[in-house]
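In what follows, a single structure is set out as structure tokens and then discussed.
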Amino acid sequence: MSCERVFQPRLEGRPVVILSNNDGCLISRSAEAKALGLQMGYPYFQVKLLLEQHKVAVFSSNYALYGDMSRRVMWYLSQVAPAVEIYSVDEAFLDLHGLERFLVDSLDTFARTVRANVLARTGIPTCVGVAPTKTLAKLANRLAKKSPEMGGVCYLDTEECRRWALEQVAVEDVWGIGRQYVQKLYAAGITTAAGLAACSEAFARKHLGRVVGARLVRELQGFPCQGLAPSEDGTLSRRSLCCSRTFGKPLTEFPDIVGAVSAFTSRVAEKLRRQGDAAHLMTVFLSKSRYGLEPPPYSCSAVLTLPVATNNTMELVRFARAALKRLWQPGHRYTKAGVIFDGLEPAGQTQLTLFEAGPVSEKRNKLMAELDALNHRFGKGTVKLASLILPSGQLQAPWEGQAQWRTPQYTTRLEDLLMVG
DNA sequence: TCTGGGGTCCTAGGACCC
DNA sequence: TCTGGGGTCCTAGGACCC
């Protein structure tokens, strides 16, 4: 939502919502939209009338824009802190250990400067929580977000401060406490973060997921249990990669679904090569609507252990197609499909057998490198598998969905550059 | 009836996160 | 009619190894 406001300042002060893929659900909301009672994850069609009544600005999601804006923010953060862990598209942990010695002012002032600079350089408003542990930093960040008088920064520097903060936050808003745990905590009479911080290790182990729960409680008490995992050169490297989509409309025909799964596989293969990995485990899944009259199971999946870890699009698409053959059944209305790669390892690590090594695989790697280079230079999809090319006259693949209100790729597409004046 | 001790790898499932 | 798309970590159990 903030990204859209940067390029459309007239949205300032107005209720704005961003929709998920296929214009399905609300996934980002301005403060004004939240005030109208619009909740995260609501299906769009259920709140359509409310949105119209209150003249809420509605946008399809524009991941190219959000990803690029995120990259800019993260790059700046990596310049000001000794180590940065990119936690998600819109969150990062900064390691401030030892930084105070080099500062003229306090960490509080430092945080305010960083925040002001992020805003000045990218237009993105942020909040900062500073504390001895990740869990407390998240909690502090939440307080900063909820209390405008704090000016976007909350620094838990003293024991009194920490205790006060724990009293302010409901237990369901603590990082790591989800739906299931909240019920158990309420049943035990624990309703605030302070209550949680005071519970015994035995209780935490028993009811909050063993070691995870024990760590959570310790972190609330101010003892770090989670180190920072620095994101090297400002990028996120993942242990598993996935691409899945809900189709624009239910699909029944095998060729349509193979087309979708091939496209998804191509995308994940690109991600795989970008982070320099190869996968040796692939899961393909196929889902049906869980909202209609049909009974479960709603989803089926096939797991393939690949003979050799690979990141080659053509090989992976072949495997995906084989997996899909085992899953697809005629007469079913499929609404979603996806591909997941696990068991990632640095590309080229696996010892190839005498027969697999050599000129053939060398050539294939080169081909993928060329493909990535061309797509990087001339734009996504410039070079792709022939099977992904649409028949002439067809603008959209059958699986592609709605994106009725997509804004331009202001920062990543030359044709979409904002014109001023 | 008794029948070790130490590992690894894989899978499924459950909880959580943004 | 229309209901998102990514991830993480942990645990338990089974197969298999020496």
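The values are calculated or read from the model by the stated rules, or taken from the named source; none is laboratory data. Please read these numbers as outputs of a predicted model, since none were measured by experiment. With ideal geometry, Cβ positions are generated from the backbone for all residues, glycine too; neighbour counts draw on all protein chains shown. Just so you know, the surface numbers come from the protein's heavy atoms only, side chains and all, with ligands and any DNA or RNA stripped out. Shrake-Rupley method; radii C 1.70, N 1.55, O 1.52, S 1.80 Å.
With respect to A:S287, determine if the residue is assigned to a loop (DSSP other than H, G, I, E, B) and without any contact (Cβ under 8 Å) to a residue 60 or more places away in the chain. First the steps, then the outcome.
Working: assigned to a loop (DSSP other than H, G, I, E, B): no; without any contact (Cβ under 8 Å) to a residue 60 or more places away in the chain: yes.
Judged against the criteria, A:S287 is not a match.
Can you give me the number of residues within the range A:164-175 that are open to solvent by 50 Å² or more (accessible area, probe 1.4 Å) and either assigned to a loop (DSSP other than H, G, I, E, B) or within 15 Å of DNA strand C (Cβ to nearest atom) (or both)?
Of the range A:164-175, the ones open to solvent by 50 Å² or more (accessible area, probe 1.4 Å) are A:164, A:167-168, A:172-173, A:175.
In the following step, the residues that additionally are either assigned to a loop (DSSP other than H, G, I, E, B) or within 15 Å of DNA strand C (Cβ to nearest atom) (or both) were identified as A:175.
Residues flagged as open to solvent by 50 Å² or more (accessible area, probe 1.4 Å) and either assigned to a loop (DSSP other than H, G, I, E, B) or within 15 Å of DNA strand C (Cβ to nearest atom) (or both) within the range A:164-175 amount to 1.
So, in the range A:272-330, exactly how many residues are closer than 19 Å to A:K249 by Cα, of a type in the set (S, T, Y) and open to solvent by 30 Å² or more (accessible area, probe 1.4 Å)?
So the answer is 4.
Six or more apart or on different chains, Cβ under 6 Å: which pairs go from a residue in the range A:240-266 that's of a type in the set (D, E, K, R) to one that's more than 16 Å from DNA strand B (Cβ to nearest atom)? Could you list them?
Once the first residue is of a type in the set (D, E, K, R) and sits in the range A:240-266, its partners that are more than 16 Å from DNA strand B (Cβ to nearest atom) give A:D256/A:P398.
Within the group A:S61, A:S70, which residue is under 19 Å from the mean Cα position of the chain (by Cα), within 11 Å of DNA strand C (Cβ to nearest atom) and not aromatic (F, W, Y)?
A:S61
Please tell me if A:I124 is under 13 Å from A:A193 (Cβ atoms), in a loop (DSSP other than H, G, I, E, B) and open to solvent by less than 50 Å² (accessible area, probe 1.4 Å).
Numbers: under 13 Å from A:A193 (Cβ atoms): no; in a loop (DSSP other than H, G, I, E, B): yes; open to solvent by less than 50 Å² (accessible area, probe 1.4 Å): yes.
Here the answer is no, as A:I124 does not meet what is asked.
Does A:A322 qualify as being in a strand (DSSP E or B), at pLDDT 85 or above and under 30 Å from A:G348 (Cα atoms)?
Numbers: in a strand (DSSP E or B): no; at pLDDT 85 or above: yes; under 30 Å from A:G348 (Cα atoms): yes.
No: the conditions fail for A:A322.
When the residues of the range A:397-421 are filtered to those that are open to solvent by 80 Å² or more (accessible area, probe 1.4 Å) and without any contact (Cβ under 8 Å) to a residue 12 or more places away in the chain, which remaining residue is farthest from the chain's Cα centre (by Cα)?
Filtering first and then ranking leaves A:G421.
Can you name the condition, by its number, that A:K366 falls short on among (1) modelled with pLDDT of 90 or more; (2) open to solvent by less than 70 Å² (accessible area, probe 1.4 Å)?
Only one criterion is unmet by A:K366, namely (2).
Looking at the range A:201-226, which of the residues that are in a loop (DSSP other than H, G, I, E, B) and open to solvent by 60 Å² or more (accessible area, probe 1.4 Å) is farthest from A:T265 (Cα to Cα)?
Step one: filter the range A:201-226 for residues in a loop (DSSP other than H, G, I, E, B), giving A:208-210, A:221-226.
Still in the list and also open to solvent by 60 Å² or more (accessible area, probe 1.4 Å): A:210, A:223-224, A:226.
Working: A:R210: 36, A:F223: 42, A:P224: 39, A:Q226: 33 Å.
Among residues in the range A:201-226 that are in a loop (DSSP other than H, G, I, E, B) and open to solvent by 60 Å² or more (accessible area, probe 1.4 Å), the one farthest from A:T265 (Cα to Cα) is A:F223.
Going by the conditions given, is A:A279 under 21 Å from the mean Cα position of the chain (by Cα) and within 14 Å of A:A320 (Cβ to Cβ)? Step through it out loud before you land on a result.
On the way: under 21 Å from the mean Cα position of the chain (by Cα): yes; within 14 Å of A:A320 (Cβ to Cβ): yes.
The answer is yes for A:A279.
Give, as residue ranges, the helices (runs of 4 or more DSSP H) completely inside the range A:1-57 that count at least 3 residues that are within 11 Å of DNA strand C (Cβ to nearest atom). Step through it out loud before you land on a result.
Details: elements: A:2-7, A:31-35, A:44-53.
It comes to A:44-53.
Just to verify a result, which residue in the range A:74-95, among those that are assigned to a strand (DSSP E or B), charged (D, E, K, R) and within 16 Å of DNA strand C (Cβ to nearest atom), is most open to solvent (accessible area, probe 1.4 Å)?
The first filter runs over the range A:74-95 and keeps only residues assigned to a strand (DSSP E or B), leaving A:83-88, A:91-95.
Next, only the ones that are charged (D, E, K, R) stay: A:85, A:91, A:95.
Pick out the ones that are also within 16 Å of DNA strand C (Cβ to nearest atom) and you get A:85, A:91.
Working: A:E85: 24, A:E91: 61 Å².
Here the answer is A:E91.
Return a yes/no flag: does the range A:183-200 have any residue that is within 27 Å of the chain's Cα centre (by Cα) and farther than 21 Å from A:L139 by Cα. Walk me through it before giving the result.
Of the range A:183-200, the ones within 27 Å of the chain's Cα centre (by Cα) are A:183, A:193.
Subsequent filtering for residues that are farther than 21 Å from A:L139 by Cα retains none.
Within the range A:183-200, none of the residues are within 27 Å of the chain's Cα centre (by Cα) and farther than 21 Å from A:L139 by Cα.
Given the criteria closer than 23 Å to A:H97 by Cβ and part of a helix (DSSP H, G or I), does A:A137 qualify? Please lay out each step first, then the result.
Values: closer than 23 Å to A:H97 by Cβ: yes; part of a helix (DSSP H, G or I): yes.
Answer is yes for this residue.
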